[in-house]
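**Student:** Pasting a structure here, questions to come.
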Amino acid sequence: MEFFNLIADSMPLLLQGVQKTIELALLSLLLATTLGLVFGIMRVSKKAYLQVPAKVYVSIIRGTPLYVQIIFFYFGLFPLIFGRATSPITAGIFVLSLHAGAYLVEIFRAGIESIDRGQFEAGRALGFTHGQTMRYIILPQAIKRMIPAFVNQFIISIKDTSLLATIGIAELTYSAQTIYAVNFKAFEFLAAVGVMYWVIINALTWFSHWIERRLSAV
Amino acid sequence: MIKVNDLGKSFGSAEVLKHINVEIYKQEVVCIIGPSGSGKSTFLRCLNRLEEPSTGEVWIDGKNIMDKQENINTIRQNVGMVFQHFNLFPHKTALENITLALLKIKKYTKAEAEQRGLKLLEKVGLSAKANQHSHSLSGGQQQRVAIARALAMEPQVMLFDEPTSALDPEMVGEVLQVMKDLAREGMTMVIVTHEMGFAKEVADRILFMDGGSILEEGQPTELFLQAKQERTREFLKMVL
């Protein structure tokens, strides 16, 4: 009983953390999707000047840990470029977007390449440009197939926000840390935080299944 | 209508088309026959640059499609293409397959596009299927929608790449019938086909291709009954 009282007392602070976590995840995913789409289309291009930058981006980001990227940008590159520390939130969203974006490039690439070549040819033969064919014919079909992989990346990104605690962003994990730093109930609060992540992620999973069902009904 | 000068195509070191010269006239129906791997489909696909020719020129309606000054997308609007595997857009209904290019390229209003789309569906005998998605249509129906889709752009020429090869035998007739109607209306058509009966009946001229070249050409009766080349006679003996 004591456990629940303890958690209930800290609930306002934890819920603030939940809110921040969701905000960070949503904003990062929005930016990451844009990055993923742009670089994904570059990645499937036959032109080297488009394809190579996309490959380099994916290779660097996938080849290094997110934790290292967060530290590198926040403590290293950003102060060097801007001459002062940037806000942790800006840096955090930047790095998370950049990171998830690289994985989304591959998801977009796989989605686009899974569409039969004949679809592309049918579009071009009608007189659509490359861009129009992508937009009206290939992407609508590819995105439908991408949804499970996309949701998977979304889930990973939600959990990745917890690493932003290292640069002092008051998301869920950081909120718990500040609480148990005072009352030393680390075990209880980490358990509570775990449950809260679980609820967020499973709500999202349920929502995505609902979307998938609706789309496949069409 | 179409003039091909010394067309060549290589994939790496493999030369699949060699020095092709041919002219196709307005309202003419030309069938291309020949063994598989002879370059028939590649040749057809060079005519709208779905396949990039390695050498030579292709003139369509007075425009050199290899000329970088010409907009290939505009030229393609003038050249309809029908594929072996239909390639209908599965996320669209039969009607939407036809109206998509009208809406997005020709900037028709929705009402204009649908009116034209329905007219074309009627022409291929599929008015009743307008709102069905392609996966619920039979192969023959899909191919007829694909023909209607190509006709929507009001092309000057129609290219057919083995339009009945992927169909169950009982559906070949309905597709060929639509093509015969088109031929009768005076559409210029280039057809890669294995349907010798159809070629004999509808074609004004037949090109026999082998090994990446046009080996022989002529009117159906003369080619089918008295081919000059030994290779042509051999091929026809196998398929007739």
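The values are calculated or read from the model by the stated rules, or taken from the named source; none is laboratory data. Fair warning: this is a prediction, and the values are worked out from it, not measured in the lab. Cβ atoms come from the backbone with ideal geometry, glycine included; neighbour counts cover every protein chain shown. SASA here: full protein model, heavy atoms, side chains in, ligands and nucleic acids out. Shrake-Rupley method; radii C 1.70, N 1.55, O 1.52, S 1.80 Å.
**Student:** Could you give the accessible area per residue of chain B, probe 1.4 Å, as a whole number in Å²?
**Tutor:** 44
**Student:** Cβ under 9 Å from B:GLN229's Cβ, B:GLN229 left aside: what net charge do those residues give with Lys, Arg +1 and Asp, Glu -1?
**Tutor:** Around B:GLN229, the surrounding residues sum to -1.
**Student:** Restricting to lysine pairs 8 or more places apart or on different chains, what number in region A:2-217 have Cα atoms under 30 Å apart?
**Tutor:** 11
**Student:** Rounded, prolate or oblate: which fits the protein assembly as shown when a ≥ b ≥ c are the square roots of the eigenvalues of the alpha-carbon gyration tensor, with rounded for a/c under 1.5 and prolate only if a/b beats b/c?
**Tutor:** Verdict is prolate for the protein assembly as shown.
**Student:** Still on this structure: Cα-Cα over 26 Å: which of B:LYS68/B:LYS180; B:LYS3/B:LYS119; B:LYS40/B:LYS228; B:LYS68/B:LYS104?
**Tutor:** Over 26 Å Cα-Cα: B:LYS68/B:LYS180; B:LYS3/B:LYS119.
**Student:** Sticking with this structure for a sec: Residues of region B:63-81 losing 20 Å² or more of accessible area relative to the isolated chain, 1.4 Å probe, heavy atoms only?
**Tutor:** Buried by 20 Å² or more upon assembly, which counts only protein chains, are B:ASN73, B:ARG76.
**Student:** On to the next question. Between region B:22-81 and region B:158-225, what's the alpha-carbon centroid distance in Å?
**Tutor:** 16
**Student:** Of B:VAL58, B:VAL239, B:VAL16, which has the most accessible area with a 1.4 Å probe, and how do the rest follow in descending order? Mind showing how you got there, number by number?
**Tutor:** On the way: B:VAL58 0, B:VAL239 65, B:VAL16 40 Å².
Heavy-atom accessible area, descending, gives B:VAL239, B:VAL16, B:VAL58.
**Student:** Looking at region B:2-239 only, what percent of DSSP beta bridges run antiparallel? Nearest 5 please.
**Tutor:** Just about 55 percent of them are antiparallel.
**Student:** Anything losing 50 Å² or more of accessible area from the isolated chain to the full protein assembly: pick those residues out of region B:100-126, probe 1.4 Å, ligands and DNA/RNA ignored.
**Tutor:** Buried on complex formation: B:LYS104, B:ILE105.
**Student:** Considering only C-alpha atoms, what is the centroid distance from region B:93-138 to region A:116-187, in Å?
**Tutor:** Answer, in whole Å: 35.
**Student:** Indicate the residues belonging to region A:112-131 that lose 40 Å² or more of solvent-accessible heavy-atom surface (probe 1.4 Å) upon moving from the chain alone to the assembly of all protein chains, ignoring ligands and nucleic acids.
**Tutor:** The answer is A:GLN119, A:GLU121, A:ALA122, A:ARG124, A:ALA125, A:LEU126, A:GLY127, A:PHE128.
**Student:** For chain B, what's the relative contact order in percent, using C-alpha pairs closer than 8 Å and at least 6 residues apart? Working shown, then result.
**Tutor:** Numbers: 430 pairs, mean separation 64.8, N = 240.
The normalised contact order for chain B reaches 27 percent.
**Student:** At a probe size of 1.4 Å, how large is the accessible area of B:TYR25, to the nearest 10 Å²?
**Tutor:** B:TYR25 exposes around 120 Å² with every protein chain in place.
**Student:** Still on this structure, I have one more. Is region A:2-217 rounded, prolate or oblate when judged by the Cα gyration tensor, a ≥ b ≥ c being the square roots of its eigenvalues, rounded requiring a/c under 1.5 and prolate requiring a/b larger than b/c?
**Tutor:** Numbers: a/c = 3.46, a/b = 1.68, b/c = 2.06.
Oblate, since a/c reaches 1.5 and b/c is not below a/b.
**Student:** Next question, about the same structure. If you place +1 on the Cβ of every Lys and Arg and -1 on the Cβ of every Asp and Glu, how big does the dipole about the Cα centre of chain A come out, in debye to the nearest 20?
**Tutor:** Value, rounded to 20: 960 debye.
**Student:** Ok, one more. Can you list residues whose amide H is under 5 Å from B:PHE160's amide H, if they're 5+ apart or on another chain and H is modeled 1.01 Å from N?
**Tutor:** Residues meeting the criterion, in which the H sits 1.01 Å from N, are B:VAL82, B:VAL190, B:ILE191, B:VAL192.
**Student:** Among DSSP beta bridges lying fully in the protein assembly as shown, give the percent that are antiparallel, nearest 5.
**Tutor:** Antiparallel: roughly 55 percent of the beta bridges in the protein assembly as shown.
**Student:** For a quick check of your reading of the filter: which trypsin sites (Lys or Arg not before Pro) in region B:17-115 sit in a DSSP loop and have no more than 16 other Cβ atoms within 10 Å?
**Tutor:** B:LYS26, B:LYS68, B:LYS106, B:LYS107
**Student:** Can I ask one more? With the contact rule set at Cα under 8 Å and sequence spacing of 6 or more, what percent relative contact order holds for chain A? Mind dumping the intermediate values first?
**Tutor:** Details: 212 pairs, mean separation 62.5, N = 218.
Once divided by the residue count of chain A, the mean separation gives 29 percent.
**Student:** Moving on. Could you work out what % of the accessible surface of the protein assembly as shown is carbon and sulfur, using a 1.4 angstrom probe and leaving DNA, RNA and ligands out of the count?
**Tutor:** Looking at the protein assembly as shown in its full context, I get 58 percent from C and S.
**Student:** Note the full-extension length gain between A:ILE22 and A:VAL56 as 0.36 nm times their separation in residues minus their Cα-Cα distance, in nm to one decimal. Walk me through the numbers before you get to the answer.
**Tutor:** On the way: separation 34, 0.36 × 34 = 12.24 nm, distance 2.96 nm.
Working it through step by step, the gained length comes to 9.3 nm.
**Student:** Using the heavy atoms of the protein chains and a 1.4 angstrom probe, tell me the accessible area per residue for region A:2-217 in square angstrom. Each step should come with its number before you reach the end.
**Tutor:** Values: 11100 Å² over 216 residues.
In whole numbers, region A:2-217 has 51 Å² accessible per residue.
**Student:** Roughly how big is the B-A contact, given as buried accessible area in Å² (both sides, 1.4 Å probe, nearest 100)?
**Tutor:** It comes to approximately 1700 Å² buried between B and A.
**Student:** Taking the Cβ of B:ALA199 as the center, what net charge do the other residues with Cβ under 14 Å away carry, scoring Lys and Arg +1 and Asp and Glu -1?
**Tutor:** Once all neighbours under 14 Å are counted, the net charge is -4.
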